[in-house]
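Here is the structure we will look at.
The values are calculated or read from the model by the stated rules, or taken from the named source; none is laboratory data. For clarity, every value in this text was computed on a predicted model and none was experimentally measured. Backbone-built Cβ (ideal geometry, glycine too); neighbour counts: all protein chains shown. Note: areas computed on protein heavy atoms with side chains; ligands, DNA, RNA excluded. Shrake-Rupley method; radii C 1.70, N 1.55, O 1.52, S 1.80 Å.
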Amino acid sequence: MSLPKNVRLVEVGPRDGLQNEAQPISVADKVRLVDDLTDAGLAYIEVGSFVSPKWVPQMAGSAEVFAGIQQRAGVTYAALAPNLRGFEDALAAGVKEVAVFAAASEAFSQRNINCSISDSLKRFEPIIEAAQAQGVRVRGYVSCVLGCPYEGRISAEQVAPVARALHEMGCYEVSLGDTIGSGTAGDTRRLFEVVSRQVPREQLAGHFHDTYGQALANVYASLLEGIAVFDSSVAGLGGCPYAKGATGNVATEDVLYLLQGLGIETGIDLDRLIAAGLRISEVLGRATGSRVARARSAG
């Protein structure tokens, strides 16, 4: 299979990245990050999450962030909405696209949201119905697709029915997430080969964490399987909460550098993206997690 000519990067730094940070981040800094990402040419930015601040304190103020950002035509500004209340809050904030989360691991589902996979999927039905009635698109995530901190290895056959269920419920795209970053290129190719029998490849995305240093290899393996959408996080924001001291999301700068080297179009300006990552890293008081940014800014 030939490589895709164009790839869409889904920037998850402002949500999936910042929600794992230990220190509080101001609304103004979040707004600046999203605006910087817009200026860099990202066409899809996950801005925040409409969840209880009691559970995810870093996502407090998501409505204020949506109100403060400079939204550009043609750019999708999305939010996580795990329940109906969250969806209603997102709708009130003017969000036009939301995301819902399921897991491929029963143990992970139970420990994270205190219910089975099938029960979690049932919870999404009213959200997706309400979204469709309001003309809001819904994107689905499946976590722990290659490994689980509690169950260990996860087979592609465990992932496929969860991805299919989200697709059949109305998710226009399903992102498959290697939450603990333990997957390898061979595992990744088989994952997409198996899941694509139930969900078309053009409606699948890859979401790789770099805990074991395999994220870019897994992105390339996915490209070989015809996958053309990837989630990534500027400056590699967001540690992995299941592996102490480990890196989390793959850095958008590093994925972009890989894609540019392959001649694949994204519409993103690497220099501006690096600048955005360096600015938010400075706010957080640490070095960027992007190897490309570190190499480009050295000296």
Calculated Rg and Dmax of region 101-162 using C-alpha coordinates, Å: 12.7, 39
So how far apart, in nm, are the two label points at residue 279 and residue 197 if each is 7 Å from Cα heading toward Cβ? 4.8 nm
Using +1 at the C-beta of Lys and Arg and -1 at the C-beta of Asp and Glu, which of 159, 95, 174 has the Cα lying farthest in the positive direction of the dipole of the chain? 159
Points 7 angstrom from Cα along the Cβ direction at residue 54 and residue 133: gap in nanometres? 2.7 nm
I want the antiparallel fraction of DSSP beta bridges within region 1-158, as a percent rounded to 5. 10 percent
Cβ crowding within 10 Å averaged over residues, with 198-205, 15-22 ranked highest first: 15-22, 198-205
Calculate log10 I(q)/I(0) of region 165-299 for q = 0.11 Å⁻¹, where I(q) comes from the Debye formula with a single equal point scatterer on each Cα and nothing for solvent. -0.41
Magnitude of the charge dipole, the chain, Cβ model with Lys/Arg +1 and Asp/Glu -1, debye to 20: 220 debye
Where nothing but the Cβ of Lys and Arg (+1) and of Asp and Glu (-1) is charged, how large is the charge dipole of region 115-228 around its Cα centre, in debye to the nearest 20? 80 debye
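Taking the solvent-accessible surface of protein heavy atoms with a 1.4 Å probe, what is the per residue accessible area of the chain in Å²?
The answer is 42 Å² per residue.
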Would you please classify the overall shape of region 1-152 from the alpha carbon gyration tensor, given that a ≥ b ≥ c denote the square roots of the eigenvalues, rounded means a/c under 1.5, and beyond that prolate means a/b larger than b/c while oblate covers the rest? rounded
Taking the Cα centre of region 79-127 as origin, sum charge times position over the Cβ atoms of Lys and Arg (+1) and Asp and Glu (-1), and report the length of that vector in debye to the nearest 20. 60 debye
What FRET efficiency, computed as 1/(1 + (r/R0)^6) with R0 = 45 Å and r the Cβ-Cβ distance, is obtained for residue 115 and residue 265, rounded to the nearest 0.05? 0.65
Net +/- balance of residues flanking residue 49 in space, Cβ distance below 15 Å, scoring K and R +1, D and E -1: -4
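Once a ≥ b ≥ c are taken as the square roots of the eigenvalues of the Cα gyration tensor of region 24-98, is the result rounded (a/c under 1.5), prolate (a/b larger than b/c) or oblate (a/b not larger than b/c)? It would help to have the intermediate numbers written out before the result.
Numbers: a/c = 2.16, a/b = 1.34, b/c = 1.62.
Note, shape of region 24-98 comes out oblate.
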Net charge contributed by nearby residues that have their C-beta within less than 9 Å of residue 232 (K/R +1, D/E -1): -4
Quick one: with all protein chains in place, what share of the accessible area of region 68-112 is carbon or sulfur, to the nearest percent (1.4 Å probe)? 48 percent
Residue 88 and residue 151 label points (each 7 Å along its Cα→Cβ direction) are spaced in nm at 3.3 nm
Convex hull (Cα only) mean projected area of the chain, reported in nm² to one decimal: 13.9 nm²
Could you tell me what percent of the accessible area of region 162-239 is made up of carbon and sulfur, with a 1.4 Å probe and every protein chain present? 48 percent
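Taking 8 Å as the Cα distance limit and 6 or more residues as the minimum spacing, I'd like the relative contact order of the chain as a percentage.
20 percent
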Looking at the chain only, what percent of DSSP beta bridges run antiparallel? Nearest 5 please. 10 percent
In terms of the alpha carbon gyration tensor, root eigenvalues a ≥ b ≥ c, rounded if a/c is under 1.5 and otherwise prolate when a/b exceeds b/c or oblate, region 108-211 is oblate
